[in-house]
Amino acid sequence: MAFTTSPALTIGFDLDMTLIDSRPGIHACYQALSARTGTYIDADLAITRLGPPLEEELANWFPADQLAAMADLYREMYPTVAITATPALPGAREAIRAVQDAGGRAIVVTAKYEPNAGLHLEHLGIEPDAVIGDLWAEQKALALREYDAAVYVGDHTGDIRGARTAEAYSLAVATGPFDAEALRAAGADAVLPDLTAFPAWLANYREAAA
């Protein structure tokens, strides 16, 4: 990640369950991994707890000494199995464009393996200014600070912690595993039902900042 400076407003977005509904693709990939390895994985359960790094979920199904190899295998299989099965969430493209149309930069900061994150965005025609992967929760502050992000948008309490660590405004969307009440309780500055409400929120935010 190269350090950049710009007076433009920079807003970061999480990927899974913020910009994309990754549940169908991840479900298919866990099923494929289970078939490939002969190890039972409850894919229905696994997709209810998206957000943390892949290895945390795999630890429920594989012994510790196999986790690195299983994570590598999952990531290798992922482009073939998961990309085309994964849709954009409502308002995702429009949210990214709203930032850019306002003269700002939209970046994606995600715990997902960065090459696979890029494949999702390319497939769906979502074009952020930068994609930074392999960062979870408080670690996301590394990228948010590097790109001087004023706002971070996410669906998970880990995203709120990342925004707080970076001293950025935490905007949550209730499209993931937590409802609006839980996101507010975790410290989100504001909560939207989904990204279709983001352009109006952005206009208000910019007006207040001006």
Kindly establish whether residue 163 is in contact with a Phe, Trp or Tyr (Cβ under 7 Å, 6 or more places away or on another chain), modelled with pLDDT of 95 or more, more than 18 Å from residue 97 (Cβ to Cβ) and open to solvent by less than 10 Å² (accessible area, probe 1.4 Å). yes
Kindly indicate whether any position in segment 43-57 is open to solvent by 30 Å² or more (accessible area, probe 1.4 Å), under 19 Å from residue 172 (Cα atoms) and of a type in the set (Ser, Thr, Tyr). yes
Tell me which residues, restricted to segment 63-83, are farther than 20 Å from residue 13 by Cα and surrounded by 15 or more Cβ atoms within 10 Å (Cβ to Cβ). 66, 67, 70, 71, 73, 74, 75, 77, 78, 79, 81, 82
Considering residues that are open to solvent by less than 40 Å² (accessible area, probe 1.4 Å), among the aliphatic types (A, V, I, L, M) and within 28 Å of residue 33 (Cβ to Cβ), the number found within segment 86-128 is 10
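Test residue 206 against the stated conditions and say whether it is crowded, with 16+ Cβ neighbours inside 10 Å and either among the β-branched types (Val, Ile, Thr) or in a helix (DSSP H, G or I) (or both). Steps first, answer last, please.
Details: crowded, with 16+ Cβ neighbours inside 10 Å: no; either among the β-branched types (Val, Ile, Thr) or in a helix (DSSP H, G or I) (or both): yes.
Considered against the rule, which asks whether it is crowded, with 16+ Cβ neighbours inside 10 Å and either among the β-branched types (Val, Ile, Thr) or in a helix (DSSP H, G or I) (or both), residue 206 comes out as no.
Filter segment 166-185 down to the residues that are of a type in the set (Ser, Thr, Tyr) and open to solvent by 30 Å² or more (accessible area, probe 1.4 Å), then identify the one that is farthest from residue 46 (Cα to Cα). Can you show your working first?
Here is the first cut: in segment 166-185, the residues of a type in the set (Ser, Thr, Tyr) are 169-170, 175.
Still in the running and open to solvent by 30 Å² or more (accessible area, probe 1.4 Å): 169, 175.
Numbers: 169: 29, 175: 16 Å.
Filtering first and then ranking leaves 169.
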In this structure, does residue 150 turn out to be surrounded by 21 or more Cβ atoms within 10 Å (Cβ to Cβ) and either at pLDDT 95 or above or in contact with a Leu (Cβ under 8 Å, 6 or more places away or on another chain) (or both)? no
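The values are calculated or read from the model by the stated rules, or taken from the named source; none is laboratory data. If you're wondering where the values come from, they're calculated on a predicted model, not measured in any experiment. Note that each Cβ is placed from the backbone with ideal geometry, even for glycine, and that neighbours are counted across all protein chains shown. Side chains included, ligands, DNA and RNA excluded: accessible areas come from the protein's heavy atoms. Shrake-Rupley method; radii C 1.70, N 1.55, O 1.52, S 1.80 Å.
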